[in-house]
Amino acid sequence: MAIATRTGRRRRRRKGRTIPRRYPALRLRKRRSSDSRCHLYLFVGNHGSVSSSPTDATSLDPTRTWVIDGGPQVPSLPSDPLPTLVIAADIGYQHARALGLSVDVVVGDFDSLASDEPLLTDPGLIIERHPQDKDVSDLALALRFAWNTGATSVDVLTGGEGRLDHLVVGLMLIANTENIDQRIVTHCGASRAMALKPGKPFDLDVVSGSWLTLLALGGDTRVSTSGLRWDLAASDEISSFSSLGLSNEVVGRPVITVQQGILLVVVTSRDG
């Protein structure tokens, strides 16, 4: 009987140990702004993917997207209709505010934007922060954000000046493999730039008398034009980085057709 009693205790203890403990469910706290959109604050590693939450992306309207570039100079406002989506590249946030624009997204490593900038208190602002040791520029990240949001056309506003390498890379970006198939117009003062490839139309409204420059960016570039003072035929070849296409003049409605290669088109109004 004593053995049976001890065995029964062990069974009771064993049974007691198998009863799972119950813990209260964890409650995750979410910060919300007065705007219907959530704040998105990301620190993305150099090796990680750059993307925004689909929930946040659906609240943005990329119909007319402007990207405000950084640099020391505040850009000029184009005469186009106002944007439905404004993305600032780093200190471009301050430029956008100086222009009276409401910023929706700030992208960059924040090496130029003052550390005490009160942008985190801006209701509904989406912030995508990247490390300073990265392989792409803030402008490139801002363009990538625009495509991920569903934009099909982007106007980049830059004030120029500052570092020459930043200005050159900013123009080269619109012609790289990630962006050449997209419609991007870069505005800098009285000038606008587009990158073209075979099958991609030149659709800017240009006033007669404007200067128009054609720059070949790689390989043997062949292009035909009409509406210019010195038109090119399809058999004409523009060598890479040649000055052959510099400072042509618009005398009619310009038509530019690229048969081969990548072409950067820069239009500058004489009226400023």
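The values are calculated or read from the model by the stated rules, or taken from the named source; none is laboratory data. Here the structure is a predicted model, which means the values were calculated and not measured. Neighbour counts are summed over all protein chains in view; Cβ atoms, including those assigned to glycine, are modelled from backbone coordinates with ideal geometry.
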Sole exception among (1) loosely packed, with under 15 Cβ neighbours inside 10 Å; (2) under 11 Å from Thr213 (Cβ atoms) for Gly245, by number: (1)
From Arg163, Arg144, residue being at pLDDT below 90, out of contact with any helix residue (DSSP H, G or I) (no Cβ under 6 Å at 6 or more places or on another chain) and not assigned by TED's automatic domain parsing to the domain that holds Ala195: Arg163
Residues of the stretch 216-272 classified as closer than 26 Å to Val169 by Cβ and of a type in the set (Ser, Thr, Tyr), total: 8
Unmet requirement for Met194, which otherwise passes all of (1) at pLDDT below 95; (2) in a strand (DSSP E or B): (1)
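Only one of these is part of a loop (DSSP other than H, G, I, E, B), farther than 21 Å from Pro75 by Cβ and not assigned by TED's automatic domain parsing to the domain that holds Thr63: Asp220, Asp271, Asp203, Asp181. Name it.
Numbers: Asp220 fails: part of a loop (DSSP other than H, G, I, E, B); Asp271 fails: farther than 21 Å from Pro75 by Cβ; Asp181 fails: not assigned by TED's automatic domain parsing to the domain that holds Thr63.
Being part of a loop (DSSP other than H, G, I, E, B), farther than 21 Å from Pro75 by Cβ and not assigned by TED's automatic domain parsing to the domain that holds Thr63 holds for just one of Asp220, Asp271, Asp203, Asp181, which is Asp203.
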Residue check for Asp155: closer than 15 Å to Ile68 by Cα and of a type in the set (Asp, Glu): yes
Residue, surrounded by the most Cβ atoms within 10 Å (Cβ to Cβ), within the stretch 151-188, restricted to residues that are among the small types (Gly, Ala, Ser) and closer than 18 Å to Ala89 by Cα: Ala151
Options Ser208, Ser191, Ser224; residue that is loosely packed, with under 14 Cβ neighbours inside 10 Å, within 18 Å of Glu249 (Cα to Cα), out of contact with any helix residue (DSSP H, G or I) (no Cβ under 9 Å at 6 or more places or on another chain) and of a type in the set (Gly, Ala, Ser): Ser208
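Would you point out which residue out of Leu212, Leu196, Leu173 is closer than 25 Å to Ser112 by Cα and either outside the structural domain of Ser239 (by TED's automatic domain parsing) or out of contact with any Lys or Arg (no Cβ under 8 Å at 6 or more places or on another chain) (or both)?
Numbers: Leu212 fails: closer than 25 Å to Ser112 by Cα; Leu196 fails: closer than 25 Å to Ser112 by Cα.
Every option except Leu173 fails the conditions.
Return yes or no: is Asp104 modelled with pLDDT under 90 and within 14 Å of the chain's Cα centre (by Cα)?
Criteria not met by Asp104.
Search the stretch 57-76 for residues being of a type in the set (D, E, K, R) and surrounded by fewer than 24 Cβ atoms within 10 Å (Cβ to Cβ), and hand back the single one that is farthest from Arg192 (Cα to Cα). Working first, answer last.
Taking the stretch 57-76 and keeping what is of a type in the set (D, E, K, R), we get 61, 64, 69.
Those left that are additionally surrounded by fewer than 24 Cβ atoms within 10 Å (Cβ to Cβ): 61, 64.
Working: Asp61: 24, Arg64: 17 Å.
Filtering first and then ranking leaves Asp61.
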Any hit, the stretch 131-149, residues being part of a loop (DSSP other than H, G, I, E, B), of a type in the set (Ser, Thr, Tyr), within 14 Å of the chain's Cα centre (by Cα) and surrounded by 14 or more Cβ atoms within 10 Å (Cβ to Cβ): yes
